1. Highest mean first, how do 98-106, 308-316 rank when packing is the count of other Cβ atoms within 10 Å averaged over residues?
2. Among E363, E404, E112, determine the one that fluctuates most according to a GNM of the chain built with springs between C-alpha atoms less than 10 Å apart.
3. Which of H64, L395, H95 sits closest to the plus end of the dipole of the chain, meaning its Cα is farthest towards the positive end, when Lys and Arg get +1 and Asp and Glu get -1 on the C-beta?
4. Can you figure out the FRET efficiency of A381 with R298, using R₀ = 41 Å and their beta-carbon distance, to the nearest 0.05?
5. Calculate the FRET efficiency for R364 and N92 from the Cβ-Cβ distance with a Förster distance of 35 Å, rounded to the nearest 0.05.
6. Say R0 is 51 Å: what FRET efficiency, to the nearest 0.05, do S291 and Q44 get from their beta-carbon distance?
7. Can you tell me the Rg and the Dmax, both Å, for the Cα atoms in the stretch 317-444?
8. For the pair K337 and R28, how long in nm is the line joining their label points, each one 7 Å along Cα→Cβ?
Amino acid sequence: MPPSQIVGEYAPANDSETKSFHPCDFVRDGAGRFRLHSSVYTDQRIFDLELERIFGHSWVFVAHEDMIPLPGDYVTTNIGTQPLIVCRDTDNEVHVLFNRCAHRGSVICREERGHASVFRCPYHGWVFGNDGRLVGAAQRSGYPDDFLEWDLKLEGVPHTETYRGLIFANLDPNAPPLLNRISSVRRYIDLWCDRSPTGRVALPEGVHRYEFPGNWKLQAENGVDGYHGNYVHESFVDLLERSGERESGDTKRARNTLGLHNFAKGLPYGDGLLEREDGMIGTFPYRSQPSYCHQLERTYGSERANDILMQRNIFIFPSLFLFESHIRVIHPVGPDKSYIDVHPTYLVGADDQLNAGRLSEHERFFGPSGFGAPDDIEVFACTQTGAAAAGNPWLEFSRGMHRESTNELGEIVGHSTDETPQRSLYREWLRLMEGDCHAPKVNQ
């Protein structure tokens, strides 16, 4: 049964068209193969339904607490295409409000980030507090005395919860608690946060934003794709060899080795990760920093410190990545248009030299003039263009399916070059697209 309408739900322009197809027709999962129809990247009807059933019913990352540290601080963002304000009121409480005036519907806040005691609508001058309450209107005499009692306000999203500084919101009034949703990926969020000796990750002010002419799911797939690095990022591997930092053969062996600590994992609810002991391309060499390693051991013990030092790319469905150097957020705009926000991170309690080294390595690979992001954007554009081809429309996501296993935590585990996380992503995609928004998720 399709889910009931949610607060702020995006309604497709032609509902009869949306109902004329079945999401299960676009995923073929069975008999040792997993295939996806390329129209999931191109079809407007599919994109409209994703906004409703995925972004309308999922816990979506909207900000980090460090982005709004003080009462009056705010950032603007989106869930799907729904405009939001994330802010702190005078009592230091976090609110996630729809960025829409209760009068005539104008966006109320047009800045990406700032500090304000009130939000004033640019259209007719209505004024709202940073808790969403209407506190005044221009030319007040045009309204009756009980005007402020009409419950006109900036509507808040139904649910807002925070875990380890990560602020999530959910547009579905019937959503399960956040801790239920992140129960399987929670340990990896903890390991990511505990890279800081104090357990706190901070975000310096500033964001690297880039747009690409492709579907949002291309980035969702790519961030946990361990197969493409040797090819898409070959120029960076060659650079490391020419500079004497690392032989290209060593890099490829580290990525291709079969055995312990070189995994791709699929988790419940569409989450997934890459996990490599020898690190990813473009990551800082933490294990070569003895003082930092000793600091982690003193804080967490040697066994947990070793687990923390494992290099991971963590995907939290539908749109959040936790990389070791940054938070990455996917924003869908259309079936063939998306933008990405990249927030570099700072490990509180680690020395300044280590954090400077992390930022330098981040800039070199992930930054605006780095090697990694431009390579990936080019591949996204290539894939989006190829998705329109009239030939065989089915895409193959079967790599490693024959050799993956399920561990004691219920995680599906494959080699780091296998498409295990992508299969988990699209199984969850299909579950939500078919309207099953709250059923417990068990990996297949």
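1. 308-316, 98-106
2. E112
3. In the chain, that residue is L395.
4. Numbers: r = 47 Å, r/R0 = 1.15.
Efficiency at R0 = 41 Å is approximately 0.30.
5. 0.40
6. Numbers: r = 54 Å, r/R0 = 1.06.
It comes to 0.40.
7. 18.2, 55
8. 3.3
No value in this document is a laboratory result; all are computed from the given coordinates. This structure is a prediction, so every number in the text was calculated from the model and none was measured. We place every Cβ from the backbone using ideal geometry, glycine too, and count neighbours over all the protein chains shown.
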